[in-house]
Amino acid sequence: MAGETATDTDHITREELQLATRNHGMPLEALRNEVTPIGLHYLLIHYDIPAVDPAAWRLEVCGRVRRPLTLTLDDVRARPSVTRPVTMECAGNGRARLEERPISQPWLLEAVGTGEWTGTPLAPLLDEAGLDDDAIEVVFAGADRGVEGGVEQSYERSLSVDDARRGEVLLAYELNGAPLPPQHGFPLRLLVPGWYGMTSVKWLERITAVDEPFAGYQQAHSYRFRRDPDEPGEPVTRIAPRSLMVPPGIPDFLTRRRFVLAGDCHLEGRAWSGWGPIERVEVSADGGATWWDATLADPATEYAWRAWTTTWHAGEPGEYELCCRATDAAGNVQPAQPEWNVGGYAVNAVHRVPVTVTERA
């Protein structure tokens with residue numbers, strides 16, 4: 001189904017429904033949590049969840065290294081550890097809102113979550129293995145296997161040696177103070193803060209240093225920005241800036257349209273970017289015609305989302321469209337409208353929330 005699109009934005013295909021029932025997003029009201037509970041954190045599983053015996057599991061470090069390593073889970077857990085909150089977002093978040101929708105997991109806005117991840121830094125492990133001078137990339141292979149684009153494969157992604165050696169990159173074995181659950185990559189996964197979630201390979205079992213660019217399906221074909229299916233495109237890497245709003249008031253069951261009482265209305269949300277800290281969040285109550293600045297909370301860490309709050313005076317009963325947009329330290333701003341690409345990646349347009357204001361009782 002790679003490269004297929006649908007023009008009917010009101011109906012998803014049976015294949016998309018199959019994906020949507022296997023995966024799940026974070027309800028936007030969970031933006032109130034600084035750290036997302038595990039059961040509410042978004043989840044995308046490409047193939048099947050592997051059955052891994054932790055006693056038999058091994059991590060291999062091989063390829064263009066001077067000292068190949070084989071580690072047990074106890075070996076990994078015995079290494080120096082770090083715990084840090086990290087916001088993770090799926091690269092396809094927002095694709096279902098495109099007019100010509102790529103046929104894939106039909107994310108709206110909910111493919112995000114912030115976990116408190118514990119693991120050991122990757123760079124010292126690579127130093128211990130001793131990368132050869134001609135090593136240019138590090139390939140990470142998971143235990144999950146499937147067929148995609150007609151190719152039978154393990155899920156594999158690579159990073160340049162410089163990116164793999166960044167100090168914040170972890171081999172994670174705990175989430176929110178507990179061992180990784182099976183759906184999040186038990187017993188070990190890669191964690192690359194600031195990059196879209198496809199980079200953080202789950203069920204990790206092999207790390208291979210290579211002396212030429214990795215050309216696996218998930219690297220050379222999938223997760224690339226293309227305007228045409230036949231062009232090579234540019235790789236998807238860091239997370240584009242996004243702000244999301246906790247939907248105010250109460251919802252209509254089917255449409256999720258919001259209903260709020262007239263008067264002062266508290267608005268809140270969170271914003272994040274992989275290109276630098278969030279420096280500004282703006283809010284609009286008229287569909288983006290006029291904006292005002294929200295108040296930003298102190299950031300938790302460089303790679304976790306930043307809370308924002310503001311008050312909207314919902315005066316006259318009627319129909320409104322609330323919006324929010326973020327600006328990061330690199331000057332990137334959420335666009336007013338989604339920008340189309342073949343895979344539906346990094347679709348980070350302004351968050352829009354239809355609201356009906358009603359009279360107070």
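Bear in mind that the values in this text are calculations on the coordinates, not laboratory data. Worth saying up front: this structure is predicted, and the values here are computed from it rather than measured. Ideal geometry is used to build each Cβ from the backbone, glycine not excepted, and the neighbour counts take in all protein chains shown.
Some notes on this structure:
- Cα-only Debye scattering, the stretch 242-358: base-10 log of I(q)/I(0) at q = 0.20, 0.22, 0.23 Å⁻¹: -1.09, -1.22, -1.29
- Loop chymotrypsin sites (Phe, Trp or Tyr not before Pro), the stretch 134-209 (other Cβ atoms within 10 Å of the site Cβ: 16 or fewer; DSSP): none
- Within the chain, helix-based [θ] at 222 nm, where runs of 4 or more DSSP H residues each add -39,500 (n - 2.57), nearest 500: -2000 deg cm²/dmol
- Where only C-alpha atoms are counted, convex hull volume of the stretch 5-235 per residue in Å³: 126
- Using the Karplus relation 6.51 cos²θ - 1.76 cosθ + 1.60 with θ = phi - 60°, the per-residue 3J(HN,Hα) values for the stretch 30-37 come to 6, 4, 5, 8, 5, 10, 6, x Hz, with x marking Gly and Pro.
- Förster radius 35 Å - calculated FRET efficiency between Leu108 and Val82 (Cβ-Cβ, nearest 0.05): 0.60
- Mean separation of Cα pairs under 8 Å and 6 or more residues apart, divided by the residue count, gives the chain a relative contact order of 18 percent.
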